[in-house]
Amino acid sequence: QGIEHICYSVDRGQNCRPYFRFNLTNPPIWSQHEPGDTPHTVGRFLHALNLCREIAGLPNDPELLHGLRKHLFRSCKKGDGFAWDDMGYTPNPPLIFMHHQREALLGLVAIWQILEEDQAAKNYAKALVTAIDVATKENGTFPQACLGQDGWQKENLAPTTSGRLISALITYNRIFNDPLGLEIARRFAQQILDDCFREDGQLTTAAGTHIH
């Protein structure tokens, strides 16, 4: 049922771009595209399909797999390593949301595993991990939650954005045998322990409200 949901939650007229938001309960029924379509939901769908393939198999749907691949690669092709949103929240231009880099990384790993060692996916994954490393070396985490053409944004700082990347970095390290993934994961884990937890285990205010 989960795989079927993915197959029916994409826009076949736009290379299987996921719909981000739905109203399925009160007429009129609708679905719409938003900045969260890609790379965020694209990466989630690819990761889910990858996790399910040994249990339920992949759907017989080449259009879906190659469409999701196309969207994710488009997010990664700017050359700075990060995966960009391709839509902005009105009236703002598209940004790189650090919150979405986990999904991008897991999606690239999925493409590598699903599509028989797609070399472009490996190259994009390595570039993404390198960009994460450069951005977080100085402070142990990201300077801000978003990066745009004019630099780091000064609002919407999400202290636990790095925390949600730890498992993806460990997965990347395991699949590609790249020690940089584990090095960054350790850095993020230490930053989270130092900033977000008191000695008695209680959360600090730095943990925020969207906890990862």
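The residues 87, 98, sorted by heavy-atom accessible surface at 1.4 Å with ligands and nucleic acids left out, run 87, 98 from largest to smallest.
Tally up the carbon and sulfur contribution to the accessible surface of the range 71-212 as a whole percent, 1.4 Å probe, everything protein left in place.
50 percent
For residue 122, a cut-off of 20 angstrom between C-alpha atoms picks up these lysines, skipping any fewer than 8 places away in its own chain: 70, 77, 78. Quick one: pull the percent of accessible area on the range 15-69 belonging to carbon and sulfur, 1.4 Å probe, ligands and nucleic acids left out. Of all accessible area on the range 15-69, carbon and sulfur atoms account for 54 percent. Here volume of the Cα convex hull per residue in Å³ was computed from the coordinates, and among (1) 125; (2) 154; (3) 146 the match is (2).
With r defined as the distance between the Cβ atoms of residue 193 and residue 133 and R0 fixed at 30 Å, what FRET efficiency is calculated, to the nearest 0.05? That pair, residue 193 with residue 133, gives E of 0.95. Dividing the mean sequence gap of close Cα pairs (under 8 Å, 6+ apart) by how many residues the range 56-100 holds gives a relative contact order of 21 percent.
Using only side-chain charges placed at the Cβ, +1 for Lys and Arg and -1 for Asp and Glu, the dipole size of the chain relative to its Cα centre rounds to 200 debye.
For residue 55, the accessible area of its heavy atoms, probed at 1.4 Å with every protein chain present, is near 150 square angstrom. Of the candidates 127, 110, 56, which one comes out as most mobile in a Gaussian network treatment of the chain with C-alpha springs shorter than 10 Å? Sorting by GNM fluctuation, first place goes to 56. Can you bin the range 11-122 into rounded, prolate or oblate? Criterion: square roots of the alpha carbon gyration tensor eigenvalues sorted a ≥ b ≥ c, rounded for a/c under 1.5, prolate for a/b above b/c, oblate for the rest. Oblate is the answer for the range 11-122, as a/c is 1.5 or above yet b/c matches or exceeds a/b. Across the range 8-81, C-alpha contacts under 8 Å between residues 6 or more apart give a mean separation that, scaled by the residue count, equals a relative contact order of 31 percent. With a ≥ b ≥ c the root eigenvalues of the C-alpha gyration tensor of the range 70-196, is it rounded (a/c under 1.5), prolate (a/b larger than b/c) or oblate? Judged from the Cα gyration tensor, the range 70-196 comes out oblate (a/c at least 1.5, b/c at or above a/b). The aspartates and glutamates whose alpha-carbon is closer than 20 Å to the alpha-carbon of residue 137, local same-chain residues fewer than 8 away aside, are 80, 178, 183, 194, 195.
Comparing 50, 15, 23 in a Gaussian network model of the chain (Cα springs below 10 Å), the most mobile by mean-square fluctuation is 23. Start at zero, step by 5 Å, and the Cα-Cα distances of the range 73-148 spread as 3, 16, 26, 24, 16, 10, 4, 1, 0 percent across the bins. The spacing between the range 103-143 and the range 1-69, judged by their C-alpha centroids, is 21 Å. For the residues 89, 172, a 1.4 Å probe over the protein chains yields an accessible-area ranking, largest first, of 89, 172.
Note on the range 55-106: percent of Cα-Cα distances in each 5 Å bin, starting at 0 and stopping at the bin with the largest distance, equals 5, 17, 22, 21, 16, 10, 6, 2, 1. Only helices enter this figure: runs of n ≥ 4 DSSP H residues, each worth -39500 (n - 2.57), summed and divided by the residues of the chain, yield -15500 deg cm²/dmol at 222 nm to the nearest 500. Computed on the chain, with alpha-carbon pairs under 8 angstrom and 6+ residues apart, the relative contact order is 15 percent.
Solvent-accessible area per residue in the chain equals 53 Å², computed with a 1.4 angstrom probe and all protein chains kept. You can think of it this way: the chain between residue 90 and residue 11 has 26.3 nm of extra reach, that is 0.36 nm per residue less the Cα-Cα gap. Approximating the spin labels as points 7 Å out from Cα along Cα→Cβ, the residue 60-to-residue 25 distance works out to 3.7 nm.
The values are calculated or read from the model by the stated rules, or taken from the named source; none is laboratory data. None of the values given here were measured: they were computed from a predicted structure. Counting neighbours? That spans all protein chains shown, and the Cβs are built from the backbone with ideal geometry, glycine included. The accessibility values were calculated without ligands, DNA or RNA, using every heavy atom of the protein model including side chains. Shrake-Rupley method; radii C 1.70, N 1.55, O 1.52, S 1.80 Å.
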